[in-house]
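The values are calculated or read from the model by the stated rules, or taken from the named source; none is laboratory data. As the structure is a computational prediction, the values presented were derived from the model and not from experiment. FYI the Cβ positions are ideal-geometry reconstructions off the backbone, even for glycines, and counts take in every protein chain you see. Just so you know, the surface numbers come from the protein's heavy atoms only, side chains and all, with ligands and any DNA or RNA stripped out. Shrake-Rupley method; radii C 1.70, N 1.55, O 1.52, S 1.80 Å.
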Amino acid sequence: MKILVVSSHPATQERWVEPISNAIPEAEVALWHPDLPPQNADIAVVWSPPAELFERERNLRAVFNLGAGVDGLLKLPTLSADTPIVRLEDAGMAVQMAEYAVWAITRASRQFDDYVAQQQAGVWATLSELRRAQWPVGVLGAGVMGSKVAQTLAALDYPVAGWSRSGKVPAGVESFAGLDELPAFLARSRVLINTLPLTAETRDILRRETLEQLMPQAHIINMGRGEHLVEEDLLALLDAGHIERATLDVFRQEPLPKDHPFWKHPKVTITPHVAAISLQHETVAQIINKIQRLMRGEPLSGVVQRDRGY
Ligand code: NDP
Ligand code: OXD
């Protein structure tokens, strides 16, 4: 069995090789690079690999993605439609997404940003009390990430709704399903948190037409993908005052270009695609377990359904 590893973060890609090699000693595990001749590998473990990988490696039994989102892989024309793609399922990321959401919301709802400003001004004063009813949260996507985000905020007593295709949401969370119920979901939400996968159906979902349906003084938290958001529409609605704040972790172009208006916008907070980071121990353990299952001919979870794009 030959396993190739390649990541768009060359500085860290080596950290995946040794633990996989140690756990599956019968496998030959190596880093892939574009100068290599075809290796006839069985498995590729990847994050945002170059298209040439799949041009050269035509006999892969599976591709293991070092992340939850597979939009980057699915857009590679060289990856055969028959090659199974296995994504990461949680692997320690969902709790990080929940933390990110709690941070982004409480800065505003608990006025923590205002207390920081007060400290800078040397002011000791209690601001108004929190009314959770004024902060209804809508979570787009109620999968592994969205469910944890929704559950966590519901446990903090925010009124939380989730929007998905199937209508499946965790207990204590109001359910909305499909495009028919999107307007009602948006109309009851002040904080909109995006945890959707990027697909043909969800691209540009955060655009003027949808954002305008949110409650006034809305807050946007985007942890899905940059292509979910029409950036000019967000900027226009921030300037018009309908949207109060945006906390953005993902962008159409990453790294965010130096001259992008988000960098200095007073109502925008940006982070560099770190809402959840792939944790080495959890990621490697999950991938090893699945490779071993594949070797034994057992079924795998987390196999991407190509027809729906996630
Ligand atoms: P899942 O596949 O577990 O969940 C996807 C959810 O989105 C499901 O609830 C699904 O509904 C819903 N959904 C998909 N398409 C539609 C649609 N057209 N209409 C309504 N609902 C839809 O994915 P994860 O939760 O594991 O990951 C979600 C995304 O989070 C990733 O694809 C990635 O883009 C992003 N991510 C970002 C990170 C970051 O650091 N910023 C880190 C990790 C992930 P249903 O269940 O009904 O099918
Ligand atoms: C992921 C990500 O999809 O890190 O896992 O964005």
### Query
V29 passes all but one of (1) within 16 Å of ligand 1 (Cβ to nearest atom); (2) out of contact with any Gly (no Cβ under 9 Å at 6 or more places or on another chain); (3) without any contact (Cβ under 8 Å) to a residue 60 or more places away in the chain; which number fails?
(1)
### Message
Among the residues in the range 125-144, are any open to solvent by 30 Å² or more (accessible area, probe 1.4 Å), in contact (Cβ under 8 Å) with a residue 24 or more places away in the chain and within 28 Å of L198 (Cβ to Cβ)?
### Response
yes
### Query
Which of the following residues is in contact with a Phe, Trp or Tyr (Cβ under 8 Å, 6 or more places away or on another chain), without any contact (Cβ under 8 Å) to a residue 40 or more places away in the chain and open to solvent by less than 10 Å² (accessible area, probe 1.4 Å): A184, A161, A150, A218?
A161
### Query
If you go through the range 240-255 one residue at a time, do you hit one that is over 19 Å from the mean Cα position of the chain (by Cα) and assigned to a loop (DSSP other than H, G, I, E, B)?
yes
### Message
Looking only at helices (runs of 4 or more DSSP H) that lie completely in the range 1-119, which have at least 1 residues being within 16 Å of ligand 2 (Cβ to nearest atom)?
### Response
71-74, 94-109
### Message
Exactly one condition in (1) on the phi > 0 side of the Ramachandran plot; (2) in contact with a helix residue (DSSP H, G or I) (Cβ under 8 Å, 6 or more places away or on another chain); (3) loosely packed, with under 14 Cβ neighbours inside 10 Å; (4) not small (G, A, S) is false for D90; which is it?
### Response
(3)
### Subset of the range 262-310 (residues that are crowded, with 18+ Cβ neighbours inside 10 Å and of a type in the set (S, T, Y))
S278, T283, Y310
### Query
Has the range 168-180 got any residue that is in contact with a strand residue (DSSP E or B) (Cβ under 6 Å, 6 or more places away or on another chain), away from ligand 1 (no atom under 13 Å from the Cβ) and of a type outside the set (A, V, I, L, M)?
yes
### Query
Quick one: S189 ticks every box in (1) within 11 Å of ligand 1 (Cβ to nearest atom); (2) open to solvent by less than 40 Å² (accessible area, probe 1.4 Å); (3) in a loop (DSSP other than H, G, I, E, B) bar one, so which box is it?
(1)
